[in-house]
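S.K.: For reference, the structure I am asking about is given below.
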Amino acid sequence: MKKYVQNAIKALAVLWFVYMIIHIAFVGKFFLLNFPSSTPTFFFVIVPVILLVYFLVQKKKKVIFIGIMSISLIMGTTQFDINIATKSNNNINKDNYMPVKVFCWNTNLWDQLKDGNAFYDYLKNQKADVYLLQEYLHCVTDRNDKSQKPFKICNIIPGFPPNYLTIDETERIKKEFPGYFFSTDGQFVIISRYPIIRSHADYSEQYAVSDVDINGKTMRFFNVHMLLHIEPGNPFVPYFYNAISRRYKAREIGFKNLNEDIKKTNTDYFIEGDFNSSKSMGVMNGLLKDHIDAVKYSRDILPLTFEMDGLKLWRFDYALVPKNDNILISSYKCLPHKGLSDHNPLSINMYLKR
């Protein structure tokens, strides 16, 4: 029995090593990898650490297994979403910069299935200058108003079911945010103290672009909600994998369009939203490399923003700014959602060069 367990652990070590090589080489490039790669990022460190310790404490040291687990651990650390180098901007010359507070949140079906008054009160209490909100919609249930027409969350790839309903909260938003400007673009909402010059959703339906006039200076806001990479369900039926493939293709278009729009932008800009992607899924690599990740201005060592079935194990929500001194982050806070969503909202205080 002992020999059987030892052989099983050795086989697991080899399989993990092979998987990590495949993951590093092909993650984000092959749709089936979207499923295992969405494992919470700390698992990529925990698994090789446990196996490495096991081989190190054996009386007969197996150098080859110690070696492959050491390499696996090195590869795993590149996937681990951890914030150990906190930054600060404590000496901002406020004569040259304007303060702007941005609040971003995947609202989880807006005010559906929750106390609508508590929802709006929570938003107003943030006292943000700019709100970037996602999921301005409801889902189809047996109790829906029959006058509401179902729609598909995405139309660029066929096969998505019509599981959502459009809503119109125009009058409520006007009432709750007097003096603010706002725009609704599909499932995206921007509410701003400053005039909104123009706003539109990308044809991928996975982000909106809004230009805002902040005291005479144009700033572009990218409000993002990429499709979830899977449809939760039975992994032993073909539909599960067809859905992964469908969503992979749609997400490819969304990320491609977003990156192209960012490259074409010649004003100051801010990217924030729910990317439905952890660091280990590969698709965030370019954006994180080319931008400053605002989480580095927080005290969150292990940044987590999304929970499922009560387990908060992932960071899917990001705030990014260009690598220049036109926008300086002064603080980043991941706020409690108070049961109003499955995502934690992000509150960012920043300074925009005049």
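S.K.: Identify the residue in the range 23-36 that is in a helix (DSSP H, G or I) and in contact with a Leu (Cβ under 9 Å, 6 or more places away or on another chain) and, among all such residues, is surrounded by the fewest Cβ atoms within 10 Å (Cβ to Cβ). Show your work before the answer.
M.R.: Of the residues in the range 23-36, the ones in a helix (DSSP H, G or I) are 23-26, 31-36.
From the residues that got through so far, the ones that are in contact with a Leu (Cβ under 9 Å, 6 or more places away or on another chain) too are 23, 26.
Details: H23: 22, F26: 13.
Filtering first and then ranking leaves F26.
S.K.: Any residue in the range 155-182 that's open to solvent by 90 Å² or more (accessible area, probe 1.4 Å): show its pairings with residues that are modelled with pLDDT under 95 and hydrophobic (A, V, I, L, M, F, W, C) at Cβ separation under 9 Å, as long as the two are six or more apart or on different chains.
M.R.: Qualifying pairs under 9 Å: none.
S.K.: If you take the residues of the range 166-202 that are of a type in the set (A, V, I, L, M) and in a strand (DSSP E or B), which of them is farthest from the chain's Cα centre (by Cα)? Let's see the steps before the verdict.
M.R.: Taking the range 166-202 and keeping what is of a type in the set (A, V, I, L, M), we get 167, 173, 189-191, 196-197, 201.
From what's left, in a strand (DSSP E or B): 189-191, 196-197, 201.
Numbers: V189: 17, I190: 17, I191: 20, I196: 24, I197: 26, A201: 18 Å.
So, considering only residues that are of a type in the set (A, V, I, L, M) and in a strand (DSSP E or B), the one farthest from the chain's Cα centre (by Cα) is I197.
S.K.: One residue is enough: does the range 301-319 have a residue meeting the conditions β-branched (V, I, T), over 18 Å from Y351 (Cα atoms) and either in contact with a strand residue (DSSP E or B) (Cβ under 7 Å, 6 or more places away or on another chain) or open to solvent by less than 10 Å² (accessible area, probe 1.4 Å) (or both)? Break it down stepwise before answering.
M.R.: Taking the range 301-319 as the starting set, the residues that turn out to be β-branched (V, I, T) are 301, 305.
Imposing the further condition that a residue be over 18 Å from Y351 (Cα atoms) reduces the set to 301, 305.
If we keep only those that are either in contact with a strand residue (DSSP E or B) (Cβ under 7 Å, 6 or more places away or on another chain) or open to solvent by less than 10 Å² (accessible area, probe 1.4 Å) (or both) too, we end up with 305.
Yes: the range 301-319 contains one or more residues that are β-branched (V, I, T), over 18 Å from Y351 (Cα atoms) and either in contact with a strand residue (DSSP E or B) (Cβ under 7 Å, 6 or more places away or on another chain) or open to solvent by less than 10 Å² (accessible area, probe 1.4 Å) (or both).
S.K.: Of all residues in the range 263-287, how many are closer than 22 Å to P345 by Cα and either open to solvent by less than 20 Å² (accessible area, probe 1.4 Å) or hydrophobic (A, V, I, L, M, F, W, C) (or both)?
M.R.: Matching residues across the range 263-287 total 14.
S.K.: Between a residue in the range 261-288 that is on the phi < 0 side of the Ramachandran plot and of a type in the set (A, V, I, L, M) and any residue that is in a loop (DSSP other than H, G, I, E, B) and open to solvent by 10 Å² or more (accessible area, probe 1.4 Å), which pairs come within a Cβ distance under 8 Å, given they are 6 or more apart or on different chains?
M.R.: M281/V27; M281/G28; M281/S38; V283/G28
S.K.: Considering only residues of the range 203-224 that are open to solvent by 20 Å² or more (accessible area, probe 1.4 Å) and touching a residue at least 40 places away in the same chain (Cβ under 8 Å), which is nearest to the chain's Cα centre (by Cα)? Show your work before the answer.
M.R.: Within the range 203-224, the first condition is being open to solvent by 20 Å² or more (accessible area, probe 1.4 Å), and the residues that meet it are 203, 205, 213, 215-218, 220.
Filter again for touching a residue at least 40 places away in the same chain (Cβ under 8 Å), leaving 203, 205, 215, 217-218, 220.
Numbers: Y203: 19, E205: 16, N215: 30, K217: 28, T218: 25, R220: 19 Å.
Per the stated criteria, the residue is E205.
S.K.: Now, a different point. Which pairs do you get when a residue that is farther than 19 Å from L15 by Cβ, found in the range 63-91, comes within reach of a residue that is open to solvent by 80 Å² or more (accessible area, probe 1.4 Å), reach meaning Cβ atoms under 9 angstrom, with the pair 6+ apart or on two chains?
M.R.: I82/I301; N83/R299; N83/I301; I84/I301; T86/R299; T86/I301
S.K.: Now for a different question. Give just the number: which of (1) within 20 Å of A250 (Cα to Cα); (2) open to solvent by less than 70 Å² (accessible area, probe 1.4 Å) does A128 not satisfy?
M.R.: (1)
The values are calculated or read from the model by the stated rules, or taken from the named source; none is laboratory data. Everything numeric here is computed off the predicted structure, so don't read it as measured data. Neighbour counts run over all protein chains shown; Cβ positions are idealised from the backbone, glycine included. For the accessible areas, the whole protein counts, side chains as well, though only heavy atoms, and no ligand, DNA or RNA atoms are used. Shrake-Rupley method; radii C 1.70, N 1.55, O 1.52, S 1.80 Å.
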